[in-house]
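What follows is a set of notes on a single structure, which appears directly below.
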Number of protein chains: 2
Amino acid sequence: MIVEIVSTGTELLLGQIVNTNAPHMAKRLNEIGFDVLFQSTVGDNRTRMTQVLSTALARADIVITTGGLGPTQGDITKEVTAELLGRPMLLHAPSLERIKGFFASRRLTMTDNNIRQAMFPEGAIILDNARGTAPGVVIEADEKTVIHLPGPPHEMEHMLEHAVIPYLRDRFGIQGTIVSKVLRTFGLGESSLEERIKDYIKTQGNPTIALLARNAEIHVRLTAKASSDAEARELIAALESQLRERIGEYIFGEDEDTLEAVVGRHLTEKNLTLALAESCTGGLVTSRITDVPGSSAYLAGAVVCYSNDVKIAAVGVPAAIIATHGAVSGETAVMMAEGIRERFRTDLGIGITGIAGPGGAVPGKPVGLVFIAVAGPAGPSCFQYNFTGPRGFIRHRTALAALNHLRQYVVGAL
Amino acid sequence: MIVEIVSTGTELLLGQIVNTNAPHMAKRLNEIGFDVLFQSTVGDNRTRMTQVLSTALARADIVITTGGLGPTQGDITKEVTAELLGRPMLLHAPSLERIKGFFASRRLTMTDNNIRQAMFPEGAIILDNARGTAPGVVIEADEKTVIHLPGPPHEMEHMLEHAVIPYLRDRFGIQGTIVSKVLRTFGLGESSLEERIKDYIKTQGNPTIALLARNAEIHVRLTAKASSDAEARELIAALESQLRERIGEYIFGEDEDTLEAVVGRHLTEKNLTLALAESCTGGLVTSRITDVPGSSAYLAGAVVCYSNDVKIAAVGVPAAIIATHGAVSGETAVMMAEGIRERFRTDLGIGITGIAGPGGAVPGKPVGLVFIAVAGPAGPSCFQYNFTGPRGFIRHRTALAALNHLRQYVVGAL
């Protein structure tokens, strides 16, 4: 079955917002076995929307639109389809009640315009909107299927998952299932990772293997087709264990795991506390750690020590170490990690010092030189990096590397 | 002139990447007066790309594509257009030399495949690629114009700005110019801001006024058309000064300014130093401040004081204050700001304490309760907020509010 996604909305056409709905839908529909072969965007204009929908219906079996289901005069998607298919618009009483209830429960006044959201082409299947006022709609016309979904991503995504995908699976008798699992890796580049598992990539069948670079992480996505979820998961588990033998040390988590969430889980499990002394990352690592709800259980705090005075007075780095080795040195990083661990009385300490640029380079110490130290019961470890790139990239890479070294220390040494 | 943007690439169709090229192009083309009325996406498939380009040529005057200009067999955009317009593909010697030079200067080996990047439909105008190996191309065919641009955004954006827009202005005799200026505001909601300037919005002509909500900031975009840049800027300046009388206190910067960059400029100008004590934001504010190159000139450092022990020992908050008023209180926020200022010997101190959620609420202190204090030569100021929303949203809003209070303190009180 060929699918076309039609995104409607003048703000998309003008480039005022980026279209994230189309890629989300394309990804999910591909995963369950539908071919999304065309995507189109058109504004809230009756003539041009008719033209685009009619082109879409000629070349695709299923046309899914987003947007234009709201209460305003600019929301015309359902009307355009009704006219194109020669169907009258009818009031759907249960939808009207739902919309009234939505307004009443929020003590908002409902306007007459909102009644338009309860009007649908004759014969339509209504899809409830659990997250907003505009219901979705499925219209079956001969061999073709038109589906209208609301534009706000959180409304669309919920309806896609809970109404559209079940409908499509049922209607087109999709027997089997497709399950994906992502192994999230950090620390090895895409080509080096590929090199290590290239025989599996070359001979892949079911499950398939895809490598995706995402914000300095490399994701390995395994996708299996099978007649049941359990069978698909077994296929994935078998391949996963083989891959883990090759690249297991770089895999930090699965699916939606973040490095900071994984670190938090390990610290919680082992009942360890943490403090950080950050120089070049300026609080970025601590900010990511505290993104995780409940991080106060293991994070005592941190010192951002941009100046040498603060490194000495608030973190406890000996002035002589800075004088001898420089503020950007492995020795200083280790003393930062040890110092903050002692001052904040935690099990673990992190020390990060480096030159994020664009200024700050000195002879022998270029922009991108970074030292990351982890101190703890198993003694200190220190790692040197020579990153290249703009300031934001160096800070981001340093933050991820620090979180990953912390993870490895907790998993490996403790 | 009607424009259609055609994005090519299987990774777009599969939803593996989000299309940022189309909105960027749409925005810029709209700004210079072209109507982008259609956008389409198609994969690297000869039949379907032919179909999509032929539909585009039927309904638009100018068709601009991105992607498919690379050296691989999947890169077919130019060939599809050549076939559609009945033109042979010819080798363009200067482009081949350029590509050879690109490889030589990077000490990379050029493969035979790269020769394909120097082949163009007969009669094409070649657009040099300053940032990559794939040249762009303009093909004029009767009343229609087809433009092919490379897919990587930094290559496409450079070529659009330096080759395509000058070409289009010249070809279609665009006389005047369009200039936009963005006034970035923080602290007032979109509807309140609109209310304050609604008479200007209602009677807008040239310049036009658009309000855009962006990550909790509201941007006011003024766009003027005129026969010269200078004239357009004068029109904008006149309206801007009127708007500033109404909403000036909320305008923190212009165009690409960020709150942290603006704060940095003010601190530098007034030769002031800063330290922060962050609790619920966990280093987020300091991280944003240190995003700015050169921030080490005014930022001494910060303490992330998640635990009360750290608030007392490392920031100097009196234990009695926490015992009496609680860690989340205006009193504690002020002592954090005063304490860190004293400890780090800076002109200014910031103290932030609150409950980011989802846990941590106590009777009388709900999730979202936040206190932000600024301490400095003009005495301490403290602000209370009751944010609602998820953890990340509360932290983000708190960070922006803290930066804005710091800005106001430095501008207003010092």
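General observations
- Here A:Lys365 is the anchor, and the lysines within straight C-alpha reach of less than 30 Å, apart from those fewer than 8 places off in the same chain, are A:Lys311.
- The relative contact order of segment A:219-336, computed from alpha carbon pairs under 8 Å that lie at least 6 residues apart in sequence, is 17 percent.
- Per residue, the protein assembly as shown exposes 42 Å² of accessible surface when a 1.4 Å probe is rolled over the protein heavy atoms with every protein chain present.
- All-pairs Cα distance distribution in segment B:44-153, expressed in whole percent, bin size 10 Å: 14, 49, 29, 7, 1
- The mean sequence distance of close C-alpha pairs (under 8 Å, at least 6 residues apart), as a share of the length of chain B, puts its relative contact order at 9 percent.
- About the Cα centre, charge dipole magnitude for chain A (Lys/Arg +1, Asp/Glu -1 at Cβ), debye: 780
- Around the amide H of A:Ile174, modelled in the peptide plane, lies no amide H under 5 Å away from a residue 5 or more places distant or on another chain.
- The label-point distance for B:Arg345 and B:Val411, in a model that sets each label 7 Å from Cα toward Cβ, rounds to 3.2 nm.
- Fraction of beta bridges assigned by DSSP in chain B that are antiparallel (%, nearest 5): 60
- Straight Cα distances below 18 angstrom link A:Lys202 to the aspartates and glutamates A:Glu190, A:Glu194, A:Glu240, A:Glu245, with same-chain residues fewer than 8 positions distant left out.
- Backbone amide hydrogens, once placed in the peptide plane, bring A:Phe387 within less than 5 Å of A:Leu369, A:Val370, excluding anything fewer than 5 places away on its chain.
- Ratio Rg/Rh, restricted to the protein assembly as shown and using Cα atoms, in which Rh is the Kirkwood radius: 0.97
- Residue-wise HN-Hα coupling along segment A:297-312, computed from phi with Karplus coefficients 6.51, -1.76, 1.60 (Hz; x: Gly, Pro): 5, 10, 9, 6, x, 7, 10, 8, 10, 5, 8, 4, 3, 5, 4, 6
- Between the beta carbons of A:Phe393 and A:Ile125, assuming R0 = 56 Å, the FRET efficiency works out to 0.70 to the nearest 0.05.
- Between A:Phe102 and B:Asn113, the simple label model (points 7 Å from Cα in the Cβ direction) yields a spacing of 4.9 nm.
- Accessible surface ranking that places the most exposed of B:Ser105, A:Ser228 first, with a 1.4 angstrom probe: B:Ser105, A:Ser228
- Surface/4 of the Cα convex hull for segment B:259-413, nm²: 8.0
- Residue-level result for chain A: its Cβ closest to the axis carrying A onto B, with that distance in Å, is A:Gly283, 2.
- Our coupling estimate for segment B:283-293, obtained by passing each phi through the Karplus curve with A = 6.51, B = -1.76, C = 1.60 and θ = phi - 60°, is x, 5, 5, 5, 4, 5, 4, 7, 4, 7, x Hz, Gly and Pro reported as x.
- For segment B:152-207, projected area of the alpha-carbon convex hull averaged over all directions, nm²: 6.5
- DSSP bridge pairs, the protein assembly as shown: antiparallel proportion in percent, nearest 5: 65
- Straight-line reach from B:Lys78: taking Cα to Cα under 21 Å and skipping same-chain neighbours fewer than 8 places apart, the lysines in range are B:Lys100, B:Lys144.
- Rounded to 10°, Cα long-axis angle of helix B:391-408 versus longest principal axis of chain B: 80
- Exposure of B:Lys27 as accessible area (Å², to 10), given a probe of 1.4 Å and all protein chains: 90
- Computed on the Cα trace of chain A, the radius of gyration divided by the Kirkwood hydrodynamic radius gives Rg/Rh = 1.09.
- The relative contact order of segment B:259-413 comes to 24 percent, based on Cα pairs under 8 Å that sit 6 or more residues apart.
- Whole-angstrom gap from segment B:225-283 to segment A:153-189, using each part's C-alpha centre: 43
- Summarising the amide proton neighbourhood of A:Gly68: residues at separation of 5 or more, or on other chains, whose placed amide H is nearer than 5 Å comprise A:Gly151.
- Other residues lying with their Cβ under 15 Å from the Cβ of A:Gly101 contribute a combined charge of +3, Lys and Arg counting +1, Asp and Glu -1.
- Between the helical axis of A:229-247 and the longest alpha-carbon principal axis of chain A there is an angle of about 30 degrees.
- For the chain pair A and B, the interface hides roughly 4100 square angstrom of accessible area in total, found with a 1.4 Å probe.
- Cα long-axis angle, helix B:259-269 against chain B (0 to 90 degrees, to the nearest 10): 70
- Percent of alpha-carbon pairs separated by more than 16 Å within segment B:117-216: 69
- Virtual spin-label span in nm between B:Leu188 and A:Thr50, 7 Å along Cα→Cβ: 4.3
- Summing charges over all other residues whose Cβ lies under 10 Å from the Cβ of A:Val262, with Lys and Arg as +1 and Asp and Glu as -1, gives 0.
- Copy-to-copy label distances for B:Glu249, where each label lies 7 Å from Cα along Cα-to-Cβ, are 6.0 nm in order of increasing length.
- Here A:Gly86 yields copy-to-copy label distances, from shortest upward, of 3.8 nm, the label point defined as 7 Å from Cα along Cα to C-beta.
- Where the alpha-carbon atoms of segment A:177-254 are placed on the principal axes, they occupy 35, 23, 18 Å, in descending order.
The values are calculated or read from the model by the stated rules, or taken from the named source; none is laboratory data. What you are looking at is a predicted structure, and each value in this text was computed from that prediction instead of being measured. So basically every Cβ, Gly included, is an ideal-geometry build from the backbone, and we count neighbours across all protein chains shown. Quick note on the areas: whole protein, heavy atoms, side chains included, nothing else; ligands and nucleic acids left out. Shrake-Rupley method; radii C 1.70, N 1.55, O 1.52, S 1.80 Å.
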